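Colleague: My questions will all concern the structure given below.
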Amino acid sequence: MILKRDEVKGKIEFVDVCFNYPSNPDLKVLKNLNITFEAGSTIGLIGPSGSGKSTIIQLLERYYDPVSGSVKLDGIDLKTLNLTSYRQLVGYVG
């Protein structure tokens, strides 16, 4: 699926997201993460090293996909979007 810039509102949802890096499958980085970032809002991710801040951004940018759960943009699972066109949109979201 390809989204056009004018179709994107920018609401981002992490729904029951679990993730571990392929290089260290025994270490759970995110476990059942549920969070919503409303369109147009400004947020900050804070926490100690290793708490998943960068991982959340990497999942949002689709450098990785969740092991389970989903990351959604305006209710659409990112896995269903064309990767190249989605990454072109990332700079315009929110």
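Colleague: For residue 88 paired with residue 68, estimate the spin-label separation in nm (one decimal), with each label point 7 Å from Cα along the Cα-to-Cβ line.
Modeller: Between residue 88 and residue 68, the simple spin-label model gives 3.6 nm.
Colleague: Follow-up question, since we're still on this one. Which of the aspartates and glutamates could be linked to residue 31 by a straight reach, that is with a Cα gap under 16 Å, when you skip same-chain ones fewer than 8 residues away?
Modeller: 13, 16, 65
Colleague: Rounded to the nearest 500, what is the 222 nm mean residue ellipticity of the chain from helices alone, with -39500 (n - 2.57) per DSSP H run of 4+ residues and division by all residues?
Modeller: Values: 2 runs with 15 residues, N = 94.
-4000 deg cm²/dmol, from helical runs alone.
Colleague: Under 11 Å from the Cβ of residue 52, count the other residues' Cβ atoms, weight Lys and Arg +1, Asp and Glu -1, and hand me the total.
Modeller: +3
Colleague: Give me 12, 46, 35 ranked fewest to most by other Cβ atoms within 10 Å of their Cβ, as a rough exposure proxy. Before the final figure, lay out the partial values.
Modeller: Working: 12 20, 46 6, 35 12.
Neighbour counts put them in this order, fewest first: 46, 35, 12.
Colleague: With point charges of +1 on the Cβ of Lys and Arg and -1 on the Cβ of Asp and Glu, referenced to the Cα centre of the chain, which listed residue (17, 57, 67) lies farthest in the positive direction of the dipole?
Modeller: Of the listed residues, the answer is 57.
Colleague: Can you tell me which aspartates and glutamates have their Cα less than 18 Å from the Cα of residue 9? Leave out same-chain residues fewer than eight positions away.
Modeller: By straight Cα distance, residue 9 reaches 38, 61, 74, 77.
Colleague: Using R₀ = 22 Å, calculate the FRET efficiency as 1/(1 + (r/R₀)^6) where r is the Cβ-Cβ separation of residue 54 and residue 24; round to 0.05.
Modeller: That gives a FRET efficiency of 0.95.
Colleague: OK, next. Among the trypsin sites (Lys or Arg not before Pro) within the chain, which fall in a DSSP loop and have no more than 14 other Cβ atoms within 10 Å of their own Cβ?
Modeller: 4, 9, 28
Colleague: Size of the dipole of the range 5-92 about the Cα centre, Lys and Arg at +1 and Asp and Glu at -1 on the beta carbon, nothing else charged, in debye to 20?
Modeller: Magnitude of the dipole: close to 140 debye.
Colleague: Could I ask something else about it? What FRET efficiency would be calculated for the residue pair residue 41, residue 80, taking the C-beta separation as r and a Förster radius of 30 Å, to the nearest 0.05?
Modeller: E(calc), rounded to 0.05, equals 0.80.
Colleague: Could you work out the Rg to Rh ratio of the range 5-92, with Rh taken as the Kirkwood radius (inverse of the mean 1/r over all Cα pairs)?
Modeller: Checking Rg against Rh, the ratio lands at 0.95.
Colleague: Determine ³J(HN,Hα), in whole Hz, for all residues of the range 19-35 in sequence, where each value follows from phi through the Karplus function 6.51 cos²θ - 1.76 cosθ + 1.60 and θ = phi - 60°; x replaces Gly and Pro.
Modeller: 8, 9, 5, x, 6, 9, x, 7, 9, 6, 8, 10, 10, 6, 6, 10, 8
Laboratory data are not the source of any read-out in this text; all were calculated from the coordinates shown. Everything numeric here is computed off the predicted structure, so don't read it as measured data. For neighbour counting, all protein chains shown are included, and Cβ atoms are generated from backbone atoms with ideal geometry for every residue, glycine included.
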